[in-house]
Amino acid sequence: MDYTSISSPRLKEETTSASTAGLLQQLLAESTHEWKLSPRLVSLIALAPIFIALAGVVTALIGGKVYRAFTGEDRFAENLQVFLWLLAFGLGFLVIKRHWLAGRFVMALLYLCLNAGIFVIIGEEVSWGQRILGLETPETLKTVNRQREINIHSLEGMIDTFRSFYLIIGAYGTILPLLFMRPQNSTGGAFARRRAVISMLVPHYTLALYFLATLVWRIYLGFWRLPDKYYFVMTKYSEVIELILAMGFFLFMSFQLRKISEDG
């Protein structure tokens, strides 16, 4: 009997597992170095979207009152979103300043555009201060706005545009980081130089799950009809996904600022 042929599949499986584990260890070591944080904290950053998503599921299972407290209008998830977007906005200006002072004017302008987009998102989240200032929605706007608020994303004809916008963001932050998810010592000099520039514009691969959540959720909403029985739960779960994305942008800006401060 040829025992080699019997053990060969198991040997290949063990070899694959060992190489995968080795790659993950390399990526974790590299991420720890780039974040300048402990491996445990970097792992927590990378896996936090899973915990946030599960928190949304758990609160929904507990009951409507708890779920509304977590995902309702002006409640925990939405308020934390706005806070994280504001932090990302503030960090964005520091990143712009550092790039400008370093003579990277194109990069500074690109981040200025990104910050402008974040400003719009903040305005949309708080309906441009309507609830804070107690402003009444004009009657003409009420007739064309699904939420009857002062915002753009709920206007008839703009809903699909904003969904596509978030779909693109999700794809950008998911696919591009994974394309460059290779240990630096496994890449050549030319690739390493390109990667250094690209890393200023592409989220670190440890942040991929923050954008993957948005990508998967937008694909689901775009191609499948929400079940009537769970319509409220599913629509409000969007607040959980948006919270994950807001945290992703805050961490992206934090990473960029740390990197610029280190590189000079």
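Computed from the coordinates by the stated procedures, all read-outs in this text should not be read as laboratory data. What you see is a predicted model, and the numbers here were worked out from it, not measured in a lab. In this analysis, Cβ positions are derived from the backbone assuming ideal geometry, glycine residues included, and neighbour counts consider all displayed protein chains.
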In order over the stretch 247-261: 3J(HN,Hα) from phi, Karplus 6.51/-1.76/1.60, θ = phi - 60°, whole Hz, x for each Gly or Pro, gives 5, x, 5, 4, 5, 4, 5, 4, 5, 4, 5, 5, 5, 5, 4
Could you quote the convex hull projected area for the stretch 31-117, Cα atoms only and averaged over all directions, in nm²?
7.6
Want the number for Leu61 to Leu47: 0.36 nm per residue separation, take away the alpha-carbon distance, what's left?
2.9 nm
Can you compute 3J(HN,Hα) from phi for each residue in the stretch 91-99, using the Karplus curve 6.51 cos²θ - 1.76 cosθ + 1.60 with θ = phi - 60°, rounded to whole Hz and x for Gly and Pro?
5, x, 5, 5, 5, 4, 4, 5, 5
Quick check for you: which residues of the stretch 239-264 have the amide N under 15 Å from the point 7 Å beyond the Cα of Leu101 toward its beta carbon?
257-264
